[in-house]
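Reviewing the structure listed below.
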Amino acid sequence: MHADDIFRAIGRFSVKFRWVVLVAWLVAAFAIPHFLPSLASVTQGNNSDFLPASAPSEQAANLAAPFGGTNLIPVPVVAAVSNGTFTAADQAWLATLETDLHQVPTVVKVNDLGLSVARAGVNGQAAQLQVLSDVSQNNQGAQTDLVNNLRAEIKDSSPPPGVQAHLAGALPIQVDQQKQSGNTGNQVEVVAFLFIIILLFLIFRSVLAPFITVIPAVLSVSISGPIVAELANHGLKVSSLAQLLLTVLVLGAGTDYGLFLVFRVRENRRAGQGSHDAVINALTKVGESITFSAFTVIAALLSLLAASFQIYSNLGIPLAIGIGVMLVAGLTLLPALLAIFGKAAFWPSKPKPGTSSTGVWGKVATRVVKRPAVALLIGVIAFGALSVAVTAYKSAGFGGTISAPANTDSADGQNLLAKYFPSSSANPTNLVYKLSTPVWDDPAVVAAATTQLEHSPLFTGVTGPLNPVGGAGFTPTEYTALHSALGSGPLPATTPAIPAAFAGQVTPTQWAEAYQEYRATAQYVDPAGTTIQFETGLTAGDPSSTAALNAVPALRAEAAAVGTTLHATATGVGGEAPAFYDISQISNSDLAHVIPIAIIVIGVLLALVMRSLVAPIYLIASVAISYFAALGFAVIVFIWLGHSGGITFILPFLLFIFLLALGEDYNILVMTRIREEAHHIPLREAVSRAISVTGTTVTSAGLVLAGTFAVFAVVGGSGSGGSQIRDVGIGLAVGVIMDTFVVRTVLVPCTVVLLGRWNWWPSKLVVDSPEADSVSADADALGLATPGKDIRAADSGTDTSGATDSPTDSGSPRHS
């Protein structure tokens, strides 16, 4: 069965059962979001959660497992007194809160890490509890419930007057980010929808056509999101970036597919076809283009499964699901809507039979095909010049990635943590060591290591086993004595009586201070004493900055040197900066081996739809030059002009994948139309006509997609992780604009004209005009051989007007 027959059958079904199709989609759009979870409830905001186990920062996290318990997630609870210090009543409330928090589902243990210590001779103004939970790291809904339940317990505990308590740490921040990303995702969806509607009004100059075009895309977003969320509850990790991109990609690409069909329906109406026939014949002709366009996007996205960085490998599945749902909607729901509204779809404009206009792109095409070599050379030189800037590309830090959103409980908790506890507590870089003997057997080496770290120019502050709250801390002798008297592990909040070993040597106040400080060492020494860690602040600045990322190799070298001092058997550097450094390195590695896979898969699909081995080569090459030009433009804007330290690591990867996939969308539309026209008229004229009728479609689709990416940059970039979202959104928008306005509509047609019959090799295009021999003139001028003569055949369905085939046409264009 020929492809046209398949899509004609789909078109007839969608038109005949249009009301059934519409009702089925409306029911699905209501039922699926109702019975499945929302996508915002399952997203993960921390990119480091997606690192493979082989990453050094992940190995450091595993080495530090004793401080959080194996497979247990720590949640700090910070309480502070507004004025004065913690009283006995405040401490009694804190003990009650500790008991209440232990009753929360999935909470395994609650550690009292003690009061902040003030050197003025009194206890500090803040206290810290550590909740340990065995909540599933893959169940975002359960993690959200945990945080909400902990916050409810804090509220119900009725803190004493003047006392405030908040959650801090990665998990509460992630939950607050999910809420914000959900709000941001809704904003992106609303603003993108409004932008698309306004743009479509300008394109169609019609009331209903814009809504008919975009409704399938909107329903696809509402259906695909909950499906992805359900998969997330079964182990699929979904980043907040995936949530935003799903909305943008399905709305943008879905509208593009709608434009492919709606423009063809309007063209058929102008050719004199009836409402239903115009829809059926339009789907017959562009159904293959839409399907293979979607397949190229899905193939490119699924090639991400080969990535080792899970934010890539898990990004492909959600977006592929969205495109798959959109494809089904584009082939069924959109034709049904067009059939239901009929000629009213284009009101108040009226596609009058027999009318046509070459428009702007008809004039551009006429000029381009006259001197294709010149136009191609100018384009290649211009894009090549932009590509030179790629040599200055640098990966940037990812500020805001795990920062608490402003005005949230987690932000307040982080602020208290930074204010009352060592500066490294808020966002520390951890140096973790495995020792062969317990630390209290030889604390002198820890003192030497502490001094070594404090004198390193890489660190601004260091806390560890001997100085857990900063300051002078303990001497090795004092630490050994305290361990002999008190033991190891978490200790109760109530200060015990002065042990006999210290009787007469310290006052009760000094003993209380020493006890509270020793309690705090539980954060730095595991109960066995064989794993220790230091928390450090970085001279390079915030761990999310580019400077901190670039400092990671030196940090790891310094940590290894200190490991020698400690006689450590294993060493690790954990925290945000090391995780981001590993992300950057793995991302670059993935770029090198995922892209060839994507090129091969899409090349095969292009060969199938083009029936050619030559066309896929230059079509993919056109995407490559577009990619390097867009990335070079981003370097110029963000690094050279914007004086940024770099560009987010994810932009080069996503830019290539999306331009490869979406660029080939437009290639398929243009090339299939050129091939269709070349069955009836000489190739040079076929190219001119194809560009005149598809140029508006391609550029309109490009404006829609670029606009949605721009909305993604502006609205999404205002939230958490704004800089990376801004970079991705603007980079993709610029890339799409370059691709649609220059590459697809100028450079590719020029190449087609220059190659002549070689475009279809090894197949031979069946034509019905002896003038087609003239199409090889430019190829001969370039010294290209003509690969055999075309097989000619009479075609009773010759389209002398250039319009699409009518229902009485003899059939689809033929090829051998």
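The values are calculated or read from the model by the stated rules, or taken from the named source; none is laboratory data. Note that the structure is predicted; figures quoted are calculated from it, not measured. Here the Cβ is made from the backbone with ideal geometry for all residues, glycine too, and neighbour counts use every protein chain on show. Surface accessibility is based on the protein's heavy atoms, side chains included, excluding ligands, DNA and RNA. Shrake-Rupley method; radii C 1.70, N 1.55, O 1.52, S 1.80 Å.
With respect to the numbered conditions (1) under 25 Å from Ala127 (Cβ atoms); (2) out of contact with any Gly (no Cβ under 7 Å at 6 or more places or on another chain), which one is the sole condition not fulfilled by Leu458?
(1)
For Thr213, which of the numbered conditions (1) crowded, with 23+ Cβ neighbours inside 10 Å; (2) modelled with pLDDT of 80 or more; (3) touching a strand residue (DSSP E or B) at 6+ places or on another chain (Cβ under 6 Å) fails to hold?
(3)
Among the candidates Gly537, Gly572, Gly541, which residue alone is within 24 Å of Leu115 (Cα to Cα), touching a helix residue (DSSP H, G or I) at 6+ places or on another chain (Cβ under 6 Å) and not β-branched (Val, Ile, Thr)? Show your work before the answer.
Numbers: Gly572 fails: within 24 Å of Leu115 (Cα to Cα); Gly541 fails: within 24 Å of Leu115 (Cα to Cα).
Answer to the selection: Gly537.
Condition check ((1) over 30 Å from Lys237 (Cα atoms); (2) surrounded by 24 or more Cβ atoms within 10 Å (Cβ to Cβ)) across all residues:
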site	(1), (2)
Val262	yes, yes
Glu267	yes, no
Ser275	yes, no
Thr284	yes, yes
Gly287	yes, yes
Ala300	no, yes
Ala306	no, no
Phe309	no, yes
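Where the second residue is open to solvent by 10 Å² or more (accessible area, probe 1.4 Å) and at pLDDT below 70 and the first is under 18 Å from Ala88 (Cβ atoms) and of a type in the set (A, V, I, L, M, F, W, C) and lies in region 106-130, which pairs have Cβ atoms under 6 Å and are six or more apart or on separate chains?
Leu115/Asn123
Open to solvent by 10 Å² or more (accessible area, probe 1.4 Å), touching a strand residue (DSSP E or B) at 6+ places or on another chain (Cβ under 6 Å) and not polar (S, T, N, Q): which single residue out of Phe638, Phe633, Phe628 fits that description?
Values: Phe633 fails: touching a strand residue (DSSP E or B) at 6+ places or on another chain (Cβ under 6 Å); Phe628 fails: touching a strand residue (DSSP E or B) at 6+ places or on another chain (Cβ under 6 Å).
Matching residue, one of Phe638, Phe633, Phe628: Phe638.
Residues Ala528, Ala514, Ala520: which one is open to solvent by 30 Å² or more (accessible area, probe 1.4 Å) and closer than 28 Å to Thr437 by Cβ?
Values: Ala514 fails: open to solvent by 30 Å² or more (accessible area, probe 1.4 Å); Ala520 fails: open to solvent by 30 Å² or more (accessible area, probe 1.4 Å).
When all the criteria are applied, what remains is Ala528.
Count, please, the residues in region 410-429 that happen to be open to solvent by less than 50 Å² (accessible area, probe 1.4 Å) and either of a type in the set (Ser, Thr, Tyr) or modelled with pLDDT of 90 or more (or both).
Residues in region 410-429 being open to solvent by less than 50 Å² (accessible area, probe 1.4 Å) and either of a type in the set (Ser, Thr, Tyr) or modelled with pLDDT of 90 or more (or both): 5 in total.
What about Leu619, is it open to solvent by less than 10 Å² (accessible area, probe 1.4 Å) and within 23 Å of Ala392 (Cα to Cα)?
Spelling it out, it is not the case that Leu619 is open to solvent by less than 10 Å² (accessible area, probe 1.4 Å) and within 23 Å of Ala392 (Cα to Cα).
Report, ordered by the first and then the second residue, all pairs with beta carbons closer than 6 Å, sequence separation of six or more or different chains, a first member in region 634-658 that is aliphatic (A, V, I, L, M), and a second member that is open to solvent by 40 Å² or more (accessible area, probe 1.4 Å) and at pLDDT 85 or above.
Val635/Tyr393
Inspect region 473-486 for any residue being modelled with pLDDT of 85 or more, open to solvent by less than 20 Å² (accessible area, probe 1.4 Å) and part of a loop (DSSP other than H, G, I, E, B) and give the result as yes or no.
Pass one, region 473-486, residues modelled with pLDDT of 85 or more: 474-486.
Still in the running and open to solvent by less than 20 Å² (accessible area, probe 1.4 Å): 479, 482.
Now drop any that are not part of a loop (DSSP other than H, G, I, E, B), which leaves none.
There is no residue in region 473-486 that is modelled with pLDDT of 85 or more, open to solvent by less than 20 Å² (accessible area, probe 1.4 Å) and part of a loop (DSSP other than H, G, I, E, B).
Within region 8-25, how many residues are touching a residue at least 40 places away in the same chain (Cβ under 8 Å) and surrounded by fewer than 14 Cβ atoms within 10 Å (Cβ to Cβ)?
1
Among the residues that make up region 460-467, is at least one of them hydroxyl-bearing (Ser, Thr, Tyr), in a loop (DSSP other than H, G, I, E, B) and at negative phi?
The first filter runs over region 460-467 and keeps only residues hydroxyl-bearing (Ser, Thr, Tyr), leaving 460, 463.
Add one more test, that the residue is in a loop (DSSP other than H, G, I, E, B), and what stays is none.
Within region 460-467 (the criterion being hydroxyl-bearing (Ser, Thr, Tyr), in a loop (DSSP other than H, G, I, E, B) and at negative phi), the answer is no, since none of the residues qualifies.
Need the failing condition index for Ala229 against (1) surrounded by 24 or more Cβ atoms within 10 Å (Cβ to Cβ); (2) more than 16 Å from the chain's Cα centre (by Cα); (3) more than 21 Å from Thr296 (Cα to Cα), just the number.
(2)
Can you find, within region 549-558, the residue that is least open to solvent (accessible area, probe 1.4 Å) among those that are among the small types (Gly, Ala, Ser) and under 16 Å from Val462 (Cβ atoms)?
Start the filter on region 549-558 by keeping residues that are among the small types (Gly, Ala, Ser), which leaves 551, 554, 557.
With the extra rule that they be under 16 Å from Val462 (Cβ atoms), the set shrinks to 551, 554.
Numbers: Ala551: 21, Ala554: 46 Å².
Looking at the filtered set, the residue picked out is Ala551.
Within the set of pairs 6 or more residues apart or between chains, which connect a residue that is more than 18 Å from Arg266 (Cα to Cα) and touching a residue at least 24 places away in the same chain (Cβ under 8 Å) inside region 189-210 to a residue that is of a type outside the set (S, T, N, Q) and surrounded by 18 or more Cβ atoms within 10 Å (Cβ to Cβ) with Cβ atoms less than 6 Å apart?
Taking only residues 6 or more apart or on different chains, the pairs are Val191/Val711; Val191/Val715; Ala192/Leu251; Ala192/Val711; Phe195/Gly707; Phe195/Val711; Ile196/Val214; Ile196/Val704.
With the structure loaded, tell me whether Tyr666 is of a type in the set (Ser, Thr, Tyr), in a helix (DSSP H, G or I) and open to solvent by less than 10 Å² (accessible area, probe 1.4 Å) or whether it fails that test.
On the way: of a type in the set (Ser, Thr, Tyr): yes; in a helix (DSSP H, G or I): yes; open to solvent by less than 10 Å² (accessible area, probe 1.4 Å): yes.
Yes: the conditions hold for Tyr666.
Looking at (1) open to solvent by less than 20 Å² (accessible area, probe 1.4 Å); (2) modelled with pLDDT under 85, which is the only condition Val147 fails?
(2)
Output the number of residues of region 527-542 satisfying the condition of being assigned to a loop (DSSP other than H, G, I, E, B), at negative phi and within 33 Å of the chain's Cα centre (by Cα).
We begin by selecting, within region 527-542, every residue assigned to a loop (DSSP other than H, G, I, E, B); these are 527-530, 539-542.
Now drop any that are not at negative phi, which leaves 527-528, 530, 539-540, 542.
From what is left, the residues that are within 33 Å of the chain's Cα centre (by Cα) are 539-540, 542.
So the answer is 3.
Being more than 20 Å from Ser700 (Cβ to Cβ) and in a helix (DSSP H, G or I) is the filter here; which residues of region 259-279 pass it?
Those that are more than 20 Å from Ser700 (Cβ to Cβ) and in a helix (DSSP H, G or I): Ser275, His276, Asp277.
Say whether the condition of being part of a loop (DSSP other than H, G, I, E, B), among the hydrophobic types (A, V, I, L, M, F, W, C) and open to solvent by 30 Å² or more (accessible area, probe 1.4 Å) is met by at least one residue in region 604-613. Break it down stepwise before answering.
The first filter runs over region 604-613 and keeps only residues part of a loop (DSSP other than H, G, I, E, B), leaving 611, 613.
Next cut, among the hydrophobic types (A, V, I, L, M, F, W, C) only: 613.
Those left that are additionally open to solvent by 30 Å² or more (accessible area, probe 1.4 Å): 613.
Yes: one or more hits.
Identify the single condition in (1) closer than 26 Å to Gln510 by Cβ; (2) at pLDDT below 85 that Leu129 does not satisfy, given that it satisfies every other one.
(2)
Please work out which one of (1) in a loop (DSSP other than H, G, I, E, B); (2) at pLDDT below 90; (3) open to solvent by less than 30 Å² (accessible area, probe 1.4 Å) is the condition Ala493 fails and give its number.
Exception for Ala493: condition (3).
On the given criteria, is Tyr618 closer than 20 Å to Met738 by Cα, at pLDDT 90 or above and either among the acidic types (Asp, Glu) or in a helix (DSSP H, G or I) (or both)?
Considered against the rule, which asks whether it is closer than 20 Å to Met738 by Cα, at pLDDT 90 or above and either among the acidic types (Asp, Glu) or in a helix (DSSP H, G or I) (or both), Tyr618 comes out as yes.
Which residues, taken from region 53-104, are under 27 Å from Phe309 (Cβ atoms) and open to solvent by 70 Å² or more (accessible area, probe 1.4 Å)?
Within region 53-104, Ala53, Ser54, Gln59, Asn62, Thr70, Asn71 qualify.
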